[in-house]
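Only one structure is covered here, and it is reproduced in the block below.
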């Protein structure tokens with residue numbers, strides 16, 4: 001795959017998805033598309049993240065613009081999403097000090113790092129929406145099913161628009177658009193018989209675990 005840009009023959013862009021179990025990156029430039037993935041258990045190896053990002057960036061090559069999504073903030077190592085988002089943003093700044101980058105948000109737009117710091121819940125776990133918006137450009141009406149290592153997304157797309165009812169992970173859990181069943185990891189929360197999801201309405205959200213009467217967990221924000 002090749003790509004040309006009117007700005008300069010050397011112009012390239014890169015995308016990063018910083019997850020809790022894997023780090024993924026892609027670079028699109030004049031020399032084509034490059035894709036990398038490195039396993040990283042955030043709950044055990046978070047101090048290694050700067051090194052992994054720097055090594056992957058060096059392998060990919062320079063990029064004039066970078067876009068970032070994340071789910072690493074959901075790792076058990078962080079007490080809240082806010083703490084996890086700040087850690088990811090700090091790490092990107094440390095590992096890629098020369099990069100110009102933006103963070104994708106749940107409103108479907110890219111935002112400067114300063115806004116991500118000020119509104120961490122806007123950019124937490126927004127990678128599903130980035131995927132869905134890209135798919136919607138090619139397939140106008142479908143049900144997008146994305147099976148990851150830890151979770152599965154079920155995202156409805158109609159007439160070229162993402163029509164999911166939820167945006168945040170707790171909302172998507174309530175509407176059945178996020179399932180805590182993946183290809184590699186079974187979260188320990190699925191060993192619980194019941195767990196509340198939403199303090200106000202006291203609803204319970206069934207999980208897809210084969211264990212009878214199990215429920216998914218909505219963690220602190």
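In table form, for the structure just shown:
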read-out	value
Inter-probe distance in nm under a simple model that places probes 7 Å from Cα toward Cβ, at residue 115 and residue 161	2.1 nm
Where labels lie 7 Å past Cα in the beta-carbon direction, separation of residue 100 and residue 36 in nm	2.2 nm
Where labels lie 7 Å past Cα in the beta-carbon direction, separation of residue 54 and residue 86 in nm	2.4 nm
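Each reported figure results from applying straightforward, stated rules to the coordinates on display, with no laboratory input. A quick note: this is a predicted structure, and the numbers were derived from the prediction, not measured. No Cβ is skipped: glycine too gets one built from the backbone with ideal geometry, and neighbour counts run over all protein chains shown.
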